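Working notes for the structure below.
The values are calculated or read from the model by the stated rules, or taken from the named source; none is laboratory data. On a predicted model such as this, the values are computed, not experimentally measured, just so you know. Every residue, glycine as well, gets a Cβ built from its backbone with ideal geometry; the counts of neighbours run over all protein chains shown.
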């Protein structure tokens, strides 16, 4: 018997794609997220693709990111970007708004939020935060 994963419970690929689309929608429109939006290329297509592939495996679905890019090494991949508590909070604001639109069991939602918050906190690489525009593709 196959274990049921969070990926399965929240609706698999369509749900993850929707979550990622909504996350970047909020990043694009919220003035409070302008600093993290500035870290991305003008087109969010590549970033969306990578986040979808990462979340797919992270939530227990197909390990698409590892198949294409190898081990995520998230902190190392994000080191070129100045990430402080403010940027973490901006990222979580967008992710929480996107998660709010998903239908799932409340305990699972809390667990996913908590794990994503811990992951976002792990990305912090300086306390000063973001102070100059650097455009990357992550």
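Observations on the structure shown:
- Count of the range 115-127 residues which are crowded, with 16+ Cβ neighbours inside 10 Å and assigned to a helix (DSSP H, G or I): 4
- Looking across the range 26-35, the residues that are under 19 Å from residue 101 (Cβ atoms) and in contact (Cβ under 8 Å) with a residue 24 or more places away in the chain come down to 26, 27, 30, 32, 33.
- Among residues of the range 36-53 being out of contact with any helix residue (DSSP H, G or I) (no Cβ under 6 Å at 6 or more places or on another chain) and surrounded by 12 or more Cβ atoms within 10 Å (Cβ to Cβ), the one that is nearest to residue 127 (Cα to Cα) is 39.
- Scanning the range 8-21 for residues that are surrounded by fewer than 20 Cβ atoms within 10 Å (Cβ to Cβ) and within 11 Å of the chain's Cα centre (by Cα) yields one hit, 21.
- Any chance residue 56 is more than 21 Å from residue 73 (Cα to Cα), touching a residue at least 24 places away in the same chain (Cβ under 8 Å), assigned to a helix (DSSP H, G or I) and touching a helix residue (DSSP H, G or I) at 6+ places or on another chain (Cβ under 9 Å): no
- Selection status of residue 98, at pLDDT 95 or above and in contact with a helix residue (DSSP H, G or I) (Cβ under 7 Å, 6 or more places away or on another chain): yes
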